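A quick write-up on the structure given underneath.
The values are calculated or read from the model by the stated rules, or taken from the named source; none is laboratory data. If you're wondering where the values come from, they're calculated on a predicted model, not measured in any experiment. Heads up, the Cβs are rebuilt from the backbone with ideal geometry, glycines too, and the neighbour counts pull from every protein chain shown. With ligands, DNA and RNA removed, areas are computed over all heavy atoms of the protein, side chains included. Shrake-Rupley method; radii C 1.70, N 1.55, O 1.52, S 1.80 Å.
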Amino acid sequence: MSNILCIGAGYVGGPTMAMIAKNCPEHKITVVDINQERIDCWNSDDLPIYEPGLLDVVRLARGRNLFFQTDVAQAITDAEIIFVSVNTPTKMFGEGAGKAADLQFWEKTARDILDNCRKPNVIVVEKSTLPVRTAEAMAKIFQLGKSSTKFSVVSNPEFLAEGTAIEDLTNPDRVLIGGEQNEIGRKAAETVAELYAHWVPRENILLTNVWSSELSKLVANAMLAQRVSSINSISALCERTEADIEEVSKAIGMDTRIGAKFLEASIGFGGSCFSKDILHLSYLCEYYGLPEAADYWASVVHINEWQINRFFQKILHEQFYTLAGKTITMLGFAFKQDTGDTRDSPAIQLCKKLLGEHAKVRIHDPKALENARIDLKEMQGDVSFEEDVYKALEGAHVLALVTQWAEYRELDFERIYNKMVKPAFVFDGRNHLEHEKLFEIGFNVFPLGKVPLKQV
Ligand code: UDX
Ligand code: ADP
């Protein structure tokens, strides 16, 4: 039996440790966080994050071999394997502002480990997304400290996507473990591999060197985001040429060399990883003297911002360039369906632009209203939050679909149309709704990358 600790009980740490606890009942897993409120939620049935299927997994292991607490120092004392999944947001000040990773939480954690560990051998597993070479920096902090503990730093990036975390953790395409290329490093990587081997087939557990592992995480996200920006750029071309983006996505996705996933045009990608990781990648390229490569990756983020703005401009244009006093209802605020997470959601930018035009913005989201309130609390303007989707649309001039929640497809659009201001407009930022049906009801419908359906 090992004492396994995870520092950081967020979107990554919580679900990942719950899954390890479920599958490795012989090990004791403790998850710590400095945020008392978060830990209280993990200890209740009102989990701090919405993730389908997560509560069942937590319930199964909590109190058996899975524990949530706030005493970080005490928990470090007993730990033999320490996963670090604290936040590494984009740095907003000083050198590298707006691009580099802000490593203050991460470095504090390294120092906490150094000051409190008591076991002779400790494996530190880097789970946060960090720019390459930070495992090395972490190893240096440990070496320079006075601790008699022997540390081995392993990189084990997490590839789960929010909304499908449990499925992704249960059947991961691969588990990536980067270890130092010496005997201790290989042994440490193998120890971590053994945990996953409880439920992941061995051939899906990939052992690499530390830097390849770290870089692979950034590159995987950058490549996925690049596909979204690529298809979004083509959605604009479709709108000019009367080609249909869904037909184009299908046609190119059937080429097995391209593949069908991540080709859905959207208002823009969001989430805590994509922009942040691409900006890190771009910063790394710049740092290592590769400005052309840096520009190439940065352009993926630029296209994303452009796409969000394009969506806004379309609304503005169709409303005769005047939104002042008009009610715009945003359906969805989360960055994607099946999560309450709003980090970097395109909804935030859209809302800001609408409020800048003095529109009245009403927001509905089945799971993200609380986060939306926090995101918008400093924003000036007429913004309200509505739990009832029909009320949210009463008297609205525009329905702007931002998040592809399944329930939005099932709404009674006749009822909605009757209560909206006429002419009623739908702007579908996800091509999620049934456009022909809406048009027949009487809406003016503006999809992405398709010919709009206008009543006159
Ligand atoms: C991503 C990676 O998929 C995951 O491997 C990594 O661990 C974390 O970052 P996540 O951000 O949770 O996961 O969600 P993801 O499903 O990748 O979607 C990211 C964004 O791209 C969302 O805003 C989504 O709506 C958007 N997207 C995705 C599109 O706009 N079109 C698509 O075709 C796919
Ligand atoms: P992610 O999506 O990467 O999991 P989150 O922001 O959801 O990111 O989670 C990171 C968690 O790490 C937060 O709950 C935060 O309170 C916690 N955290 C940050 N610094 C520390 C620290 N030094 N010790 C313990 N927990 C920390």
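For His198, which sequence-distant residues (separation of 5 or more, or a different chain) have an amide H within less than 5 Å of its own amide H, given hydrogens modelled in the peptide plane?
Excluding prolines and chain starts, which carry no amide H, there are no hits.
I need the Kirkwood Rh of the range 87-140: take the reciprocal of the average 1/r across all distinct C-alpha pairs and report it in angstrom.
For the range 87-140, inverting the mean 1/r across all distinct Cα pairs yields 12.3 Å.
If amide H atoms are built 1.01 Å from N in the plane of the peptide, which residues on other chains or at least 5 residues away come under 5 Å of the amide H of Phe83?
Result for Phe83 returns Leu5, Cys6, Ile7, Val125.
What's the magnitude of the charge dipole for the chain around its Cα centre, counting Lys and Arg as +1 and Asp and Glu as -1 at the beta-carbon? Answer in Debye, nearest 20.
Roughly 500 debye for the chain.
Sorted by accessible area (1.4 Å probe), largest first, how do Leu237, Leu195 line up?
The most accessible residue leads, giving Leu237, Leu195.
Just want to confirm a number: the relative contact order over the range 3-200, from Cα pairs under 8 angstrom separated by 6+ residues, in percent.
After rounding, I find 21 percent.
Just how much of Glu264 is accessible, in Å², when a 1.4 Å probe is used and the result is rounded to the nearest 10?
Accessible area of Glu264: about 140 Å².
So how many Å³ per residue does the convex hull of the Cα atoms of the chain work out to?
154 Å³
Run lengths n ≥ 4 of DSSP H only: what is the helix-derived mean residue ellipticity at 222 nm for the chain, with -39500 (n - 2.57) per run over all residues, to the nearest 500?
Using -39500 (n - 2.57) per qualifying helix, the result is -13500 deg cm²/dmol.
Classify the range 3-200 as rounded, prolate or oblate, taking a ≥ b ≥ c as the square roots of the eigenvalues of its Cα gyration tensor: rounded when a/c is under 1.5, otherwise prolate if a/b is larger than b/c and oblate if not.
Rounded.
Suppose accessible area is computed on protein heavy atoms with a 1.4 Å probe; arrange Glu26, Glu440 from highest to lowest.
These residues rank, largest area first, as Glu440, Glu26.
Can you work out ³J(HN,Hα) from phi for every residue in the range 85-90, in order, using Karplus 6.51 cos²θ - 1.76 cosθ + 1.60 and θ = phi - 60°, giving whole Hz and x for Gly and Pro?
Working through the residues one at a time gives 10, 8, 6, 10, x, 6 Hz.
Amide H of Val421 versus every other amide H placed in the peptide plane: which residues, excluding those fewer than 5 positions away on the same chain, fall under 5 Å?
Those qualifying (amide H under 5 Å, at least 5 residues apart or on another chain) are Gly395, Ala396, His397.
Normalised by the residues of the range 25-122, what does the relative contact order come to in percent, with Cα pairs under 8 Å and at least six apart?
28 percent
Whole-Hz Karplus ³J(HN,Hα) for the range 224-233, in order, using 6.51 cos²θ - 1.76 cosθ + 1.60 and θ = phi - 60°, x for Gly and Pro?
Listing the rounded values in order: 5, 5, 4, 5, 5, 5, 4, 5, 5, 5 Hz.
Give me the Å³ per residue figure for the convex hull around the C-alpha atoms of the range 417-456.
63 Å³
Quote the accessible area belonging to His302 in square angstrom, nearest 10, computed with a 1.4 Å probe and with ligands, DNA and RNA left uncounted.
110 Å²
Find the all-direction average of the projected area of the Cα convex hull for the range 210-456, expressing the result in square nanometres with one decimal place.
14.6 nm²
What is the percent carbon and sulfur in the accessible area of the chain, measuring with a 1.4 Å probe over the protein chains and ignoring ligands?
Carbon and sulfur: 51 percent of the exposed surface of the chain.
Round to the nearest 10 and report in Å² the accessible area of Leu453, as given by a 1.4 Å probe over the protein chains' heavy atoms.
Accessible area, nearest 10 Å²: 40 Å².
Accessible area per residue for the chain in Å², computed with a 1.4 Å probe and the full protein assembly in place, what is it?
It amounts to 46 Å² per residue over the chain.
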